[in-house]
Amino acid sequence: MGSARNSSDCEIRERRIPEEAVKILKSLALKWDDITDVDALQVVPLKGAMTNEVYQIKWPTNSDKELQHRSRKLLVRIYGKGVDVFFDRENEIRTFEFMSKQGQGPRLLGRFSNGRIEEFIRARTLSAADLRDPEISALIATKMKEFNDLQMPGPKSICLWDRLRNWVHEAKRLSTPEEAKAFRLDAMEDEISALENNLSSGHQRVGFCHNDLQYGNIMMDEDTRSITIIDYEYASYNPVAFDIANHFCEMAADYHTETPHILDYSKYPGLEERQRFLHIYLSCSGTQPSDSEVDQLVHEVEKYTLASHLLWGLWGIISGHVNKIEFDYIEYARQRFEQYWLKKPELLDSSGPTANVIADGNTAVSKKVRNVVEASYFTNYGYLGRLKSVNGMIVPPKGSWGEDGLKTDTWNYV
């Protein structure tokens, strides 16, 4: 038993579980009479987290062997260093507690100086592929509508635009002059204002939004098929079209590969998939939406993908300077900004619902059959100016073939 404790203590140090958290964990474990040794806790790091470090804590029990898979478990979340610039931690805790009282997520079991201890939900975290499963996608759409309809206490003002401006300020403060130039940070405040003016016109559905609904923040009980949304650091009131747009953009990501920062926008959901998701989402209000209602929301959501790209591009720049988690944040940011500049001309120029904007994962030529569309472009070498799209195919500026680092395998369609 002594050797077990020494091994456990060694592992705890290796996994960077603070001693104050260990004390709370052991006091919680004492409440379970089937744990043979509260000191024999096992620490399992959970992959995929990019803001915090997350660990599963479990203890062996004296239960029957058939029940060993139901071993006692808790979850420890250690807050990432420097990430408080992204959100107010006390607000996030209040949201966490509210969600817990609503039966929407795990219970808060303890807090320590740089983290907390949560109930471990016995459900499966979704994979990237799960988001494309029609049945699971329908469950997500339903749960998302339920989440957006929550009545959180406090002001219900839109957070998106202030958050973008705050993050621009922080990105400029942290970036080198070369980075600021490459990402055009000096022009970003004007971009945000123009985007806000364009997207804020007309009626908008505003709700309580998760704002980070990637697959790792969604869990499913395999027996009941119920969905639980977790991790509310970025949650706030926003246009629900932004929340949905962000979820669609996350389908390009797989954070459990050898290159988790690489995004594949060929996996962006096609038109029929988006329409199906939004039809289910709107149907949760109790009435069947018309085709025009679905198309209108499709249109709104596509525009808000631009805000998603800006937000998480800025997040990547900031994280690259403050977060020590092993992830290529700057390259991730580059890809998000690249998508913003490529999609902006098409999405902001359309005056109404356009059926095949981003129809198949690439930025498709709209039904207006425009022959030439200008698009800004980023490469690993920074911003290279304006590119032209002829009949949907991006072509490099004159004289730039092979001279400015343009790579044909990174060209996209407009």
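Here, each number is a calculation from the coordinates, and none is a lab measurement. If you're wondering where the values come from, they're calculated on a predicted model, not measured in any experiment. Neighbour counts are summed over all protein chains in view; Cβ atoms, including those assigned to glycine, are modelled from backbone coordinates with ideal geometry.
Say R0 is 60 Å: what FRET efficiency, to the nearest 0.05, do residue 223 and residue 189 get from their beta-carbon distance?
Result of the calculation: an efficiency of 0.75.
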Q. Going by a ≥ b ≥ c, the root eigenvalues of the Cα gyration tensor, does segment 128-183 fall in the rounded group (a/c under 1.5), the prolate group (a/b larger than b/c) or the oblate group?
A. oblate
Q. If the chain between residue 258 and residue 181 were fully stretched, how many nm would it gain, using 0.36 nm times the residue separation less the Cα-Cα distance?
A. 24.8 nm
Q) Using modelled amide H (1.01 Å from N, peptide plane; none on Pro or chain starts), what sits under 5 Å from the amide H of residue 209, excluding residues fewer than 5 places away? A) 236, 237, 238
Q | FRET efficiency, residue 196 to residue 322 (Cβ-Cβ, R0 25 Å, nearest 0.05) | A | 0.45
**Q.** Label-point gap, in nm, between residue 61 and residue 89 - each point 7 angstrom along Cα→Cβ
**A.** 3.2
Q | Cβ-derived FRET efficiency at R0 25 Å, residue 266 paired with residue 349, nearest 0.05 | A | 0.60
(Q) Which residues does the label zone of residue 173 cover in segment 73-109, counting backbone N under 16 Å from a point 7 Å along Cα→Cβ? (A) 81-89
